[in-house]
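The values are calculated or read from the model by the stated rules, or taken from the named source; none is laboratory data. Everything quoted here is computed from the prediction, not taken from an experiment. No Cβ is skipped: glycine too gets one built from the backbone with ideal geometry, and neighbour counts run over all protein chains shown.
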């Protein structure tokens, strides 16, 4: 489901004024005098992939500078929304600014860490290891309410019993902030006040706060998601790909397929992810023609080189399925895999990240992406079976997962053709 983020009223008024102004015509972006805003506009001018969109961007910059003087003055209450406004004029994915108060900042810095190495030790001393104090959730604001959208498998929140859809009312009796609520609390527990159902009474859950590495969190969550669910006499395997941004992910998938999921009758592959990153050949593990390969050494040590899933499979998608994960969903669908859920994000460009002077992160789309000669940006991948999911106050319910399990059971019971295999 879509959630609308409500801006601070004073900033919203300034943005509305800028929108009402007459655009200027410029060959390069105007200068505000603010080093953060001007560096952001310079990076777009130098790196953004679609030159034909730059005139509208320059107009937006000029309008913002002319109508919101606090941009040049560096007012923090305005600066972030001003940068968001001018970037929105480009109207593409993989383009945005992320600040240290946001969970996405840490997750994306870790995704792009090799390209950001010139300052990463300064931002994350002493070794440049990206970490934050947290409990292993993602959340979204819906008006003045905040809901948990993701609970990472095996993380502190998962172990403590928090659920997708829980409304967060407070943390340690203070208003919730996805980073600020847990800063400097690693090694302690936080009292997370929630409302589980729309008419339910609030209650507290004590959750241990841990020092989390985004990369390790995603890899561990993928491994921790693997399970076999008994349904209608079948063993239904389940695996959730939270992100495919680490090299270790392929190994984790293969270990799951040959380990805890090996005896399952079929597989539900959950592509409702936080980030994309899947390589172009990621579908090969599930529907490709490559053979399985292992190496056996003289001490009987066995190394798995490539695992291949050869049983029925269905996949779950939604608006969190983005970027490389959308290419994976597309490839699965092209090979006859039934997709269940909601349309994907339609965010399929190549992005690169840059530091801004204040330590915030700027992501810019630097290349267009074509799949089988067509674009998935602004198009996305449609489900074969549409199943909406309003996660607010879901209290543990997951209709998309339930529908996928049911559909896979039907495939197994009727012999419905599975994915095409060479």
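Scanning the range 203-228 for residues that are assigned to a strand (DSSP E or B) and surrounded by 15 or more Cβ atoms within 10 Å (Cβ to Cβ) yields 204, 205, 207, 208, 210, 212, 227, 228. Restricted to the range 16-88, the set of helices (runs of 4 or more DSSP H) holding at least 1 residues that are modelled with pLDDT of 95 or more comprises 35-47, 54-67, 76-88. Looking at 280, 276, just one residue is surrounded by 15 or more Cβ atoms within 10 Å (Cβ to Cβ) and either at pLDDT below 95 or part of a loop (DSSP other than H, G, I, E, B) (or both), and that residue is 276. Selection over the range 91-123 of residues that are in contact with a helix residue (DSSP H, G or I) (Cβ under 7 Å, 6 or more places away or on another chain), surrounded by fewer than 19 Cβ atoms within 10 Å (Cβ to Cβ) and part of a loop (DSSP other than H, G, I, E, B) gives a count of 1. Evaluation of residue 110 against the conditions (1) under 21 Å from the mean Cα position of the chain (by Cα); (2) modelled with pLDDT under 95 shows that the sole unmet condition is (2). Among the residues that make up the range 67-77, is at least one of them touching a residue at least 24 places away in the same chain (Cβ under 8 Å) and surrounded by 20 or more Cβ atoms within 10 Å (Cβ to Cβ)? Looking for residues that are touching a residue at least 24 places away in the same chain (Cβ under 8 Å) and surrounded by 20 or more Cβ atoms within 10 Å (Cβ to Cβ), one finds at least one in the range 67-77, hence yes. Summed over the range 124-153, the residues that are outside any strand (DSSP E or B) and buried (at least 16 other Cβ atoms within 10 Å of the Cβ) give a count of 7.
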